[in-house]
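Down below is the structure, laid out as structure tokens.
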Amino acid sequence: MGAKNKHITRETQYEYVNWPPVYLVVALHLIGVVGFFHMFQCDWKTLLFNFIFLGYVQLGSMAGAHRLWSHRSYKASMPLQIFLAIAQTAGTQKSIYSWARDHRVHHKYVDTDADPYNAQRGFFFTHIAWIFVPRLPEVIEKGGKLDLSDLNSNPVVMFQKKYYNIGAPVLAFLLAPFITWYFFAESAMLSFTFGMFRHWLSVHFTFMVNSVAHIYGYRPYDSKISPTNNNIISFFTMGEGFHNYHHVFPQDYRASEYGLMFCFTTYFIKLMEKLGVAWDLRTVSKETVLARRKRTGDLKTSVVGFADPTNDEYKESEDENLPY
Ligand SMILES: [Zn+2]
Ligand SMILES: [Zn+2]
């Protein structure tokens, strides 16, 4: 632990803001605002490409950094890991190694000062401000005790960590604009600004899991912790909004009890299994989930996040027609 961090507290944390990245992020957001207005002049191919690229980058965070590397909820072949690592790099949400380490501490010490994005600190802190301030000593101390041996011995994770500072800006800020400029004959200005708009959408969609899905929504599985089930977040994050379930059963590759229409990441992993490049997909038994829900959950809310006071038990019919 650095000597400086030892003296940082909740109260003094904002006195140590790292301003240069703040200025950079603000500037790139302003460029993204310009890109939003360019959206109306884009060729349809540019729109489609950026939409697909947005989904690809999201997969890097959700199927990669989150479900594969943070929680080991399934296993993946080397080509799939490389595919996801490239996507995660383009997301500029820190290296896989840092992402997974922060996330493991978040799960283990959720809602305490050892949680790097502690939702008890409010929306702004947990959404983005935590990135720009030094960590509290509690986060460093507890994080240092985690077992990260699987990450340390993973060649894809360690290679990406080594070259992240070069790879991230190239993949995030140059690759997609270059493609739309070169192949779709867009102007350089439109390609870059619209690429920034798409980039910030993906970043904030992910950040909303830490902020919105820890503040607004329902807690059907454990009413005592901040994570919520929130369908709006599931829609924007391809299925990460069943966050109350996920915090209770982080080992479940679905990050949800059900495979619902928003769970694109779950379908992607399932497809990868069918293609033979993912295996050992872990789930939790229906009985275990039901027992836990009855013991600690808020039974007045629906498991899919809608307010449904009548849904205090599972309906057998819901088990049918599930995609897995
Ligand atoms: Zn969380
Ligand atoms: Zn998680």
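How about segment 110-160: which of its residues are of a type in the set (A, V, I, L, M) and under 30 Å from Ser77 (Cα atoms)?
Just the residues of segment 110-160 that are of a type in the set (A, V, I, L, M), to begin with: 110, 114, 119, 128-129, 131, 133, 136, 139-140, 146, 148, 151, 156-158.
Leu146, Leu148, Leu151, Val156, Val157, Met158, listed by residue number.
Please give the helices (runs of 4 or more DSSP H) falling wholly within segment 127-176 in which 1 or more residues are open to solvent by 60 Å² or more (accessible area, probe 1.4 Å) and hydrophobic (A, V, I, L, M, F, W, C). If you could, list the steps in order and put the result at the bottom.
On the way: elements: 137-144, 149-152, 155-169.
Helices (runs of 4 or more DSSP H) meeting the threshold: 155-169.
Considering segment 182-235 alone, what residues qualify as being open to solvent by 30 Å² or more (accessible area, probe 1.4 Å), among the hydroxyl-bearing types (Ser, Thr, Tyr) and within 16 Å of ligand 1 (Cβ to nearest atom)?
Correct list: Tyr216, Tyr218, Ser223.
Those residues that are more than 16 Å from the chain's Cα centre (by Cα) and closer than 18 Å to His107 by Cβ, I need them from segment 250-280; list them, please.
To start, the set of residues in segment 250-280 that are more than 16 Å from the chain's Cα centre (by Cα) comprises 257-261, 267, 270-280.
Once the filter is applied, which keeps residues that are more than 16 Å from the chain's Cα centre (by Cα) and closer than 18 Å to His107 by Cβ, segment 250-280 yields only Glu257.
Against the condition closer than 30 Å to Asp280 by Cβ and in contact (Cβ under 8 Å) with a residue 40 or more places away in the chain, how does Ile82 come out, does it pass? Give the steps one after another, and end with the answer.
Values: closer than 30 Å to Asp280 by Cβ: yes; in contact (Cβ under 8 Å) with a residue 40 or more places away in the chain: yes.
So Ile82 fits the description; yes.
Taking segment 117-126 only, how many residues are crowded, with 19+ Cβ neighbours inside 10 Å and outside any helix (DSSP H, G or I)? Spell out the reasoning first.
Filtering segment 117-126 down to residues crowded, with 19+ Cβ neighbours inside 10 Å leaves 117-119, 125-126.
With the extra rule that they be outside any helix (DSSP H, G or I), the set shrinks to 117-118.
Residues flagged as crowded, with 19+ Cβ neighbours inside 10 Å and outside any helix (DSSP H, G or I) within segment 117-126 amount to 2.
Output the number of the condition that Ser153 fails; it satisfies all remaining conditions of (1) within 16 Å of ligand 1 (Cβ to nearest atom); (2) over 19 Å from the mean Cα position of the chain (by Cα); (3) hydroxyl-bearing (Ser, Thr, Tyr).
All conditions pass for Ser153, except number (1).
Provide a single number: the residues in segment 78-116 that are over 20 Å from Gly167 (Cα atoms), of a type in the set (Val, Ile, Thr) and assigned to a helix (DSSP H, G or I).
1
In the set Arg282, Arg254, which member is open to solvent by 40 Å² or more (accessible area, probe 1.4 Å), in contact (Cβ under 8 Å) with a residue 12 or more places away in the chain and in contact with a Ser or Thr (Cβ under 6 Å, 6 or more places away or on another chain)? Don't jump to the end; show me each part of the working.
Working: Arg254 fails: open to solvent by 40 Å² or more (accessible area, probe 1.4 Å).
Within the list Arg282, Arg254, the selection yields Arg282.
Considering each of Ile52, Ile96 in turn, give the residue that is of a type in the set (A, V, I, L, M), modelled with pLDDT of 95 or more and surrounded by fewer than 20 Cβ atoms within 10 Å (Cβ to Cβ). Don't jump to the end; show me each part of the working.
Details: Ile96 fails: surrounded by fewer than 20 Cβ atoms within 10 Å (Cβ to Cβ).
Residue meeting the stated conditions: Ile52.
Which residue pairs have Cβ atoms closer than 6 Å, lie 6 or more positions apart in sequence or on different chains, and pair a first residue in segment 126-141 that is without any contact (Cβ under 8 Å) to a residue 40 or more places away in the chain with a second residue that is of a type in the set (D, E, K, R)?
Glu138/Asp113
The values are calculated or read from the model by the stated rules, or taken from the named source; none is laboratory data. Given the structure is predicted, the values throughout are model-derived calculations rather than measurements. Because the Cβ atoms are built from the backbone with ideal geometry, glycine has one as well, and the counts that use them run over all protein chains shown. All accessible areas refer to the heavy atoms of the entire protein, side chains included, with ligands and DNA or RNA removed. Shrake-Rupley method; radii C 1.70, N 1.55, O 1.52, S 1.80 Å.
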